[in-house]
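Colleague: Starting off with a structure, shown below.
The values are calculated or read from the model by the stated rules, or taken from the named source; none is laboratory data. For clarity, every value in this text was computed on a predicted model and none was experimentally measured. Note that each Cβ is placed from the backbone with ideal geometry, even for glycine, and that neighbours are counted across all protein chains shown. Calculation scope for accessible area: heavy atoms of the full protein, side chains included, ligands and nucleic acids excluded. Shrake-Rupley method; radii C 1.70, N 1.55, O 1.52, S 1.80 Å.
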Amino acid sequence: MRGLTKEYVIRRFLMFLLTIWLGATIIFIIPRLAPGDPVAAMISRMINQSGYIENSAQLIEAWRKKFGLDDPMYIQYLRYLWNMVRFDMGYSLSQFPQPVIATLRRGLPWTIGLLSVATILSFLFGNLIGALLGWRRTPKWLKRILPLSLSFTSIPFFMLGIILIYIFAFGLNWFPFSKGYSDSTPGLNLRFIVDVIYHGTLPAFAIVLTSMGGWALGMRGMMISIDSEDFLILAQAKGLPMRRIFTWYAVRNAVLPQFTALALSLGGIVGGSILVEYIFAYPGVGYQFYQAIVNLDYTVIQGIAFLLIMATSTAVLVIDLIYPLIDPRITYQKK
Amino acid sequence: MAEAEIVQTGASAAPKTGRRINRWDNPWLNVKFLVGAGMVLFIVLLGVVGPLFWDTRLARVGSAELNLPPVGVTVEVDGVKYVGTWKHPLGTESNGRDMLALIITGAPMSLQVGVIAALIGMGIGIVLGSAAGYLGGWVDNVIRTLADSVITIPALAVLITISAYVRQIELSTMALILAMFAWPAPTRFVRAQVLTLRERGYVRMAQLSGVPPLEIMLKEMMPNMLPWIAASLSGNITGTILAASSLEALGLGPTRIPTLGMTIYYAIRAVAMLRGMWWWLGFPILTLTIIFVGFFLIATGLDEIANPRLRGVKS
């Protein structure tokens, strides 16, 4: 690929591995510094549910042996890393015979669908609004109206979600207040797709409306600093139409740093969407996260955290690798 | 005072002709900055002065009647009609906590966690960022790689995992955990600032005069970075308060202290919105929004003060 050197790709890939390793290590070590024993906690939960369990002490011991909790810490750690690399996250504690990965496989498509649609929409709208705000020749009335669309910036996704539920689901009854689809069976037919879009509208709106402003502000700043560049004056002198100057000369250049910003803020967007799914009981990974917290299902919690770290770092890696294609001036070749 | 008024009226009558220096043209009189500072001050005062006027013990479970709407509102909850009174101006929730007392005790807590975590993060960021920017070489490589890696980790996912294990969490522990993810952004940002400042004439001059690096950083560079650092700090505070209230809204906050996020959690658990109890969620969200918008305005205001280009295109 143009501008990409082997050395850069390798370096970038090593950083990708470093990120995942760091994340995986943090979620392994810190919980183990805390007092408490997951197996004992689980047994006591079973006792709470069924009243009494015979030989609970032996049961704890057997399970500790089975999950290798009596081994030295570094062996547990190495085994954990090896399992994570193979996506073997063990069994769900609350739905016991089911492997964690099966749970995640159910939620992941929903999360990826909602998040990618919402992120792309907010990136497009936000940059367009920002570009118009920073452009000298935008009509005055538009410049007055546009900032209104940014009024939800700096409110967390989920708080706007709560407000949207109250207005549009409880008050006006226009949209459903929870779930990803109604009782119709999932399948690739038109009715189900419409149903999914209908259910996804409010959650997506909550993310788009709140994250749009950040893009708009960044874009506005870039447009202002590009405004005095010589190539814009030259384009005008050549008599190019204003629309063409706006899109292919100003926006084309101003939008580039926004892709870096996208890579940097993706982690925050993913985190924010966990809460949105929780508020809307959307059937994605974020809602499963909440259910796992309630059920004290530690393997699922750890699995989801690892999956989210993995997914975000992969997306950031992809953005970084296609960046030279978007901006041909960037090369990683040594001078 | 009189002189100031004259200058002001003169400026409004003939805005572009006057050549003398307008004392209202001080960049620190930035509207966004002042409004934002006012909003944050309002929340601080609420926590400081509030307890003098309102009994905060009402924030405990069962200290008031249940499900009362704010004063002047009549609402039907679960088929029973409730009338709001002055006894509980912001209403009460289903566990008999008074909303006003909850806000007065909760708002400073949320602010406190955010400010402590952000300050720790900022401190680490300043140290690592200036070391990376000023020293360069392998130090820069290590710090930059670390910061770039940590910044892409979805912090909330890790924070949720940690607090799911550490169930009984204290406010100070929470602040420390949050600080773990509050340092990469300031580090990157301070590093970039130091890199540009390093090439300035006065820094070169100081280097040539044999001033030790630490002194250059503190005496020559720091003062020039202050507005940016303040802007980045208030952005950081927003981030940490957001993370803290997100954890609390999932039920992972301190259970003994009534924070705004925990109030949201209880309200979500009790399906407050769909029972029409808008005040239960509405007031904590409003308070948090004031905090968020306040710090957001402070950050953008400080940005404009530090960087005149952002003040807009004058057409």
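Colleague: Rank by packing, highest mean first: peptides A:282-290, B:105-113, B:145-153, with packing defined as the count of other Cβ atoms within 10 Å averaged across residues.
Modeller: Numbers: A:282-290: 26.1, B:105-113: 23.6, B:145-153: 21.7.
Descending packing order for the listed peptides: A:282-290, B:105-113, B:145-153.
Colleague: Select from the stretch B:156-188 all residues whose loss of accessible area on going from the chain by itself to the full protein assembly reaches 20 Å² or more (probe 1.4 Å).
Modeller: Correct list: B:LEU156, B:ALA157, B:VAL158, B:ILE160, B:THR161, B:ILE162, B:ALA164, B:TYR165, B:VAL166, B:ARG167, B:MET180, B:ARG188.
Colleague: Please give, to one decimal in nm, the separation of the simple spin-label points placed at A:GLN76 and B:VAL271, each 7 Å out from Cα toward the Cβ.
Modeller: Between A:GLN76 and B:VAL271, the label points sit 4.0 nm apart.
Colleague: Separate question: So for the pair A:ARG252, A:VAL9, with labels modelled 7 Å out along Cα→Cβ, what separation do we get in nm?
Modeller: It is 2.7 nm.
Colleague: Peptides B:128-135, B:43-50: what's the order by average Cβ count within 10 Å, highest mean first?
Modeller: Details: B:128-135: 22.6, B:43-50: 15.6.
Taking the mean over residues of other Cβ atoms within 10 Å, the ranking is B:128-135, B:43-50.
Colleague: Given R₀ = 35 Å, FRET efficiency for B:VAL127-A:ALA261 by Cβ-Cβ distance, to 0.05? Numbers along the way, then the final one.
Modeller: On the way: r = 25 Å, r/R0 = 0.71.
The computed FRET efficiency comes out at 0.90.
Colleague: Around A:LEU266, with a cut-off of 13 angstrom between Cβ atoms, what is the net charge of the other residues, counting Lys and Arg +1 and Asp and Glu -1?
Modeller: Working: positive: none; negative: A:ASP320, B:ASP148.
Cβ neighbours under 13 Å give a net charge of -2.
Colleague: Summing Lys, Arg as +1 and Asp, Glu as -1, what charge do residues with Cβ under 13 Å from the Cβ of B:ARG57 carry, B:ARG57 excluded? Walk me through the numbers before you get to the answer.
Modeller: Working: positive: B:ARG60, B:ARG97; negative: B:ASP55, B:ASP98.
Combined, the nearby Lys, Arg, Asp and Glu give 0.
Colleague: For A:TRP21 paired with B:LEU52, estimate the spin-label separation in nm (one decimal), with each label point 7 Å from Cα along the Cα-to-Cβ line.
Modeller: Output for this residue pair reads 5.7 nm.
Colleague: Using a Förster distance of 51 Å, how high is the FRET efficiency between B:ILE290 and A:ALA57, based on the Cβ-Cβ distance and rounded to 0.05?
Modeller: 0.45
Colleague: Taking the full set of protein chains and a 1.4 angstrom probe, give the accessible area of B:GLU215 in square angstrom, rounded to the nearest 10.
Modeller: 80
Colleague: Arranged from highest to lowest average of other beta-carbon atoms within 10 Å per residue, in what order do the peptides A:313-325, A:137-149 appear? The partial results should precede the final answer.
Modeller: Details: A:313-325: 17.5, A:137-149: 11.8.
Sorting A:313-325, A:137-149 by mean packing, highest first, produces A:313-325, A:137-149.
Colleague: Enumerate the whole-percent occupancy of each 5 Å bin, from 0 to the last occupied one, for all C-alpha pair distances of the stretch A:255-304.
Modeller: Here the calculated profile for the stretch A:255-304 is 5, 21, 21, 18, 13, 9, 8, 4, 1.
Colleague: So between A:VAL194 and A:ARG86, what do we pick up on full extension, going 0.36 nm a residue minus the alpha carbon distance?
Modeller: Additional length available on full extension: 35.3 nm.
Colleague: For B:248-255, what's the mean count of beta carbons from other chains sitting within 10 Å of each residue's beta carbon?
Modeller: Working: counts 0, 8, 9, 4, 2, 0, 0, 0.
Neighbouring Cβ atoms belonging to other protein chains average 3 per residue here.
Colleague: Could I ask something else about it? If one takes the accessible area of chain B alone plus chain A alone and subtracts that of the pair, with a 1.4 Å probe, what total in Å², rounded to the nearest 100, results?
Modeller: Details: alone 17080 and 19570 Å², together 32000 Å².
What B and A bury together is about 4600 Å².
Colleague: Other chains near A:267-276: what is the mean number of their Cβ atoms within 10 Å of each residue's Cβ? Walk me through the numbers before you get to the answer.
Modeller: On the way: counts 11, 10, 1, 6, 12, 5, 2, 6, 8, 0.
Across the residues of A:267-276, the mean count of other-chain Cβ atoms within 10 Å is 6.
Colleague: Next question. From other protein chains only, count the Cβ atoms within 10 Å of every residue's Cβ in B:288-296, then give the mean.
Modeller: Values: counts 3, 7, 0, 1, 5, 5, 1, 1, 6.
Other-chain Cβ atoms within 10 Å of each residue's Cβ, averaged: 3.
Colleague: Another question, then. P(r) tail for the stretch A:100-296, what percent of Cα pairs lie past 22 Å?
Modeller: Values: 10647 of 19306 pairs.
More than 22 Å apart: 55 percent of the Cα pairs in the stretch A:100-296.
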